[in-house]
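The values are calculated or read from the model by the stated rules, or taken from the named source; none is laboratory data. Please read these numbers as outputs of a predicted model, since none were measured by experiment. Because the Cβ atoms are built from the backbone with ideal geometry, glycine has one as well, and the counts that use them run over all protein chains shown.
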Amino acid sequence: MTVFNFSAGPAVLPKPVLEQAQSEMLDYRGSGMSVMELSHRSSLFENIIQEAEALLRELMNIPDNYQVLFLQGGASMQFSMVPLNLAQGKKALYANTGSWSKKAISEAKKIAGVEVEVIASSEEQNFTYIPEITPDMVDQDAAYLHITTNNTIEGSAYQTIPDAGKVPIVADMSSNILANDYKTEDFGIIYAGAQKNIGPAGLTVVIIRDDLLGLFPTPSAMLDYKIQADNHSLYNTPPTFAIYMAKLVFEWVKANGGVAGMLKQDQAKAGLLYHTIAESNLFTSPVDKDSRSITNIPFVTGSEALDKKFNQEALAAGFENLKGHRSVGGMRASLYNAFPLEGVEALVAFMKQFEIENGGN
Ligand SMILES: *Cc1c(COP(=O)(O)O)cnc(C)c1O
């Protein structure tokens, strides 16, 4: 049976990437060793990490005054590293747009001396929209403004990046990095756990502007952006195999039209599903029209029993991981870059059939 994996993360990877990893698994470029067995100080691995960085710089048009870091600890570790490195004794501004924003806020509050201020929130409406942030809302003395560009669980995304004046914007881009046309220079820091749109779990990508390095002492070298940058992400043993897989994904993105090519495909996939939802008398989107994500698309029938039936039948038909997050319910289709259009075509056909069989008209 063909399986389509709608997982929110760890998520589907491009098949050609998996095939290449398989073909190089036992003998990487004549070394007689797997990438997993290479020293992180070997020239073979140094080439891998340097190529990965160069490819990401090219794909995202990253200016020279930004560092690219390959770290561990997930996006969740960034929830602490950002305030620790940027805001000791200062005010940090947050937009509260979903479960991950909420976690970022609560982690920042744990860092001594950081004054956390939530300047915009959609929590009172179950995070069904992206609240507007106007320049007058941004205290120009703040250390940064933190936003979550794509709310993976709730299915909303910023269509444009707010104007924060001279305050750097820090973006959790875990679920839509390489799937949008945001500009790197609109941000002070971009971070993303790799397991959604970049590669396997275990790697966290951080893109940070030079002037944000080394502002405050940190209690651990591992948590210090400047030390990580000075050591080119090789302060300790990095997640070598995950970096190699990320490099293969970056090559695949480049070969498929770069970020513009991804965006075009992702818009086509999302457009098909949103169109089907709009035409349906059974399925609805809980998210406001002008705040919708193209990578994570929740939908519901309005009946918990029918949602459950849909999820059971979908799973039996080969649609994996469609069940909505436990905090939201219903269904959620995560359509990351590597998710094929055929998977969306199969899903909408299945939805239409389900609607006919279950009382839609
Ligand atoms: C998945 C996700 C996280 C958590 O990532 P980890 O790498 O598991 O820590 C944080 N923020 C967003 C937006 C996510 O999608």
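For this structure, a couple of remarks:
- Boolean, L234 is surrounded by fewer than 18 Cβ atoms within 10 Å (Cβ to Cβ) and of a type in the set (A, V, I, L, M, F, W, C): yes
- Of the criteria (1) surrounded by 16 or more Cβ atoms within 10 Å (Cβ to Cβ); (2) within 25 Å of G9 (Cβ to Cβ), which one L86 fails: (2)
- Residue in the range 143-153 that is of a type outside the set (A, V, I, L, M, F, W, C), under 30 Å from F299 (Cβ atoms) and surrounded by fewer than 21 Cβ atoms within 10 Å (Cβ to Cβ) present: no
- Filter result (touching a residue at least 24 places away in the same chain (Cβ under 8 Å), under 27 Å from S334 (Cα atoms) and β-branched (V, I, T)) within the range 115-161: T128, I130, I133, I147, T148, T149, T152, I153, I161
- Pair list, Cβ < 6 Å and 6+ apart or interchain, from the range 204-221 residues that are more than 16 Å from the ligand (Cβ to nearest atom) to residues that are of a type in the set (F, W, Y) and outside any loop (DSSP other than H, G, I, E, B): I208/Y225; R209/Y66; L213/Y225
- Taken as a whole, the structure places L69 among residues that are hydrophobic (A, V, I, L, M, F, W, C), within 16 Å of the ligand (Cβ to nearest atom) and crowded, with 17+ Cβ neighbours inside 10 Å.
- Odd one out for K196 among (1) at pLDDT 95 or above; (2) more than 12 Å from the ligand (Cβ to nearest atom); (3) under 30 Å from K15 (Cα atoms): (2)
- In the range 215-230 there is no residue matching the filter, namely being of a type in the set (A, V, I, L, M) and crowded, with 24+ Cβ neighbours inside 10 Å.
- Residue ID - nearest to the ligand (Cβ to nearest atom), chosen from residues in the range 160-193 that are under 16 Å from Q72 (Cα atoms) and of a type in the set (S, T, Y): S174
- If you go through the range 263-272 and keep only what is surrounded by fewer than 22 Cβ atoms within 10 Å (Cβ to Cβ) and in contact (Cβ under 8 Å) with a residue 60 or more places away in the chain, you end up with L263, Q265, A268, A270, L272.
- Of K196, K226, K254, all but one fail to be closer than 30 Å to S23 by Cβ and out of contact with any Asp or Glu (no Cβ under 8 Å at 6 or more places or on another chain); the exception is K196.
- Residue under evaluation M81, criteria (1) part of a helix (DSSP H, G or I); (2) in contact with a Phe, Trp or Tyr (Cβ under 8 Å, 6 or more places away or on another chain); (3) surrounded by fewer than 20 Cβ atoms within 10 Å (Cβ to Cβ); (4) not hydroxyl-bearing (S, T, Y), criterion not met: (3)
- If you check G202, G188 for being assigned by TED's automatic domain parsing to the domain that holds E58, in contact with a helix residue (DSSP H, G or I) (Cβ under 9 Å, 6 or more places away or on another chain) and buried (at least 22 other Cβ atoms within 10 Å of the Cβ), only one passes: G188.
- Candidate set: the range 205-214, residues that are within 19 Å of A54 (Cα to Cα) and out of contact with any Gly (no Cβ under 6 Å at 6 or more places or on another chain); chosen: the one surrounded by the most Cβ atoms within 10 Å (Cβ to Cβ): V205
- Looking across the range 84-114 at every residue that is under 30 Å from D288 (Cα atoms), outside any helix (DSSP H, G or I) and hydrophobic (A, V, I, L, M, F, W, C), the one that is nearest to the ligand (Cβ to nearest atom) is identified as A95.
- Filtered residues of the range 260-294 (kept if small (G, A, S) and touching a Phe, Trp or Tyr at 6+ places or on another chain (Cβ under 8 Å)): S285, S291
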